[in-house]
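Presented below is the structure to which this report refers.
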Amino acid sequence: MAPGPGNILVVEDEQAIAETITYALGTEGFGTVWKTTGRDALAVLATQTVALVVLDVGLPDMSGFDVCRELRRQHAVPVIFLTARSDEVDKVVGLELGADDYIAKPFSPRELTARIRAVLRRTHGNTTVTGTASTDWAHDPAKCRIAYRGVALELTRNEYRLLAVLLAQPGRVFSRDQLMTAAWDDPGAALDRTVDAHIKTLRAKLRAVAPEADPIVTHRGLGYSLREA
Ligand code: CA
């Protein structure tokens with residue numbers, strides 16, 4: 001397929017992985033542009049519009065993090081990182097690079113295409129307009145009230161603030177530090193496990209409304225996200 005506005009830019013120096021990604025995206029109807037270096041990727045973005053960038057962290061000429069920083073100066077294009085090690089995952093979450101998601105190697109092509117669709121839905125769809133995950137949720141910031149599946153939740157102040165942070169960006173993984181900074185007046189006074197404790201009580205309250213749903217997702221070693229609709 002010729003380069004165009006619906007294309008995905010794949011930045012990956014390992015040919016076998018790039019071919020797997022390109023093939024998987026092709027079968028789902030996406031066009032792809034493949035580049036093996038950060039500089040070539042930035043050159044593409046300077047001249048073409050792409051729908052999304054799949055960006056390997058370990059590139060031969062510069063790190064994917066630097067590529068992301070560079071492209072963020074000019075573009076709001078969604079970025080999904082490909083990470084090879086867990087310390088890279090920590091950086092994706094911790095550095096606030098403006099990445100929309102990440103996927104750890106090895107990954108299944110099906111998982112990657114599902115993530116890509118989810119990010120495209122989130123960034124182009126109308127879910128970002130309301131800022132809520134789906135019709136499951138109703139958030140009234142003026143009254144500090146959140147309803148789940150039509151049931152108003154009885155939340156403590158910190159539970160409310162935690163949930164409001166998650167609800168603002170469904171699918172985004174927040175580290176415990178980020179949640180604590182966002183939801184506590186004095187984050188220094190709270191410990192990691194305090195976030196865990198509040199997530200636990202939140203989950204119990206959500207379970208009382210919908211026993212099977214479990215809308216808060218735990219990402220081991222990383223933090224939490226709200227499940228996307
Ligand atoms: Ca690589």
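The figure for Glu154 is an accessible area of roughly 130 square angstrom, using a 1.4 Å probe on the protein chains alone. Per-residue Karplus couplings for region 138-154, computed as 6.51 cos²θ - 1.76 cosθ + 1.60 with θ equal to phi - 60°, are listed in order as 9, 10, 10, x, 4, 9, 6, 10, 10, 10, 10, 6, x, 10, 5, 8, 8 Hz, Gly and Pro entered as x. If the convex hull of the alpha-carbon atoms of region 160-229 is projected onto planes in all directions, what is the mean projected area in square nanometres? Mean projected area for region 160-229: 4.5 nm², to one decimal.
Computed over the chain, the P(r) curve from all C-alpha pair distances, binned at 10 Å from the origin, holds 7, 31, 32, 20, 10, 0 percent per bin.
Ordered by 1.4 Å accessible area with all protein chains kept, Arg110, Arg172, Arg207 run largest first as Arg110, Arg207, Arg172. Ranking Asp61, Asp56 from most to least accessible surface, computed with a 1.4 Å probe over the protein chains only, gives Asp61, Asp56. Taking every protein chain into account, the 1.4 Å probe leaves Tyr102 with about 30 Å² of accessible area, to the nearest ten.
With +1 on each Lys and Arg Cβ and -1 on each Asp and Glu Cβ, and nothing else charged, work out how big the dipole of the chain is about its Cα centre, in Debye to the nearest 20.
The calculated dipole for the chain is roughly 760 debye.
Note on Thr135: accessible area is roughly 140 Å² with a 1.4 Å probe, heavy atoms of protein only. Here the dipole of region 137-226 is about 180 debye; that uses its Cα centre as origin and unit charges on the Cβ of Lys and Arg (positive) and Asp and Glu (negative).
By the Cα gyration tensor, region 8-122 has an equivalent ellipsoid whose semi-axes, rounded to whole angstrom, run 18, 16, 14 from largest to smallest. Taken as Cα centroids, region 15-53 and region 150-229 sit 35 Å apart, rounded to the nearest whole angstrom.
The values are calculated or read from the model by the stated rules, or taken from the named source; none is laboratory data. Bear in mind the structure is a predicted one, so any value in this text is a computation, not a measurement. For neighbour counting, all protein chains shown are included, and Cβ atoms are generated from backbone atoms with ideal geometry for every residue, glycine included. Areas reflect the complete protein model, heavy atoms only, side chains present, ligands, DNA and RNA absent. Shrake-Rupley method; radii C 1.70, N 1.55, O 1.52, S 1.80 Å.
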